[in-house]
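The values are calculated or read from the model by the stated rules, or taken from the named source; none is laboratory data. What you are looking at is a predicted structure, and each value in this text was computed from that prediction instead of being measured.
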Amino acid sequence: MIDAVSSAAVTSLTREAGNTAAAASPAVVAPGKATATQESEFASMLSSMVADMTATIRHGEQMSMKGINGEANTKEVVDAVMSAERTLQTALAVRDKIVTAYLEISRMPI
């Protein structure tokens, strides 16, 4: 079930940042300007965050299946499912903030 999320991860964001990171030079950048290295670091941070979220949700699913099969006790299953739920709620909150920021930027006059 979570495989679709992991394959979509952040590849569209990291691909462009990875291409620009190779062309980065150690020149001084004006305040407020992002360098290619900073973009690359941000993309890698997002990528690792998505990977951690995917692993947490996958662990919750695995523990649920173990609980159904009687291979895990109730406390372990509840802990894993609650952790997966918190992770999913965090991902949705971040997504909502990104959409809100995009909408605000798109309304700015040029």
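Selection within the stretch 59-91: residues that are part of a helix (DSSP H, G or I) and polar (S, T, N, Q). The member of this set that is farthest from Met49 (Cα to Cα) is Asn69. Is the stretch 16-31 home to any residue that is at pLDDT below 90 and among the hydroxyl-bearing types (Ser, Thr, Tyr)? Yes, that holds for at least one residue.
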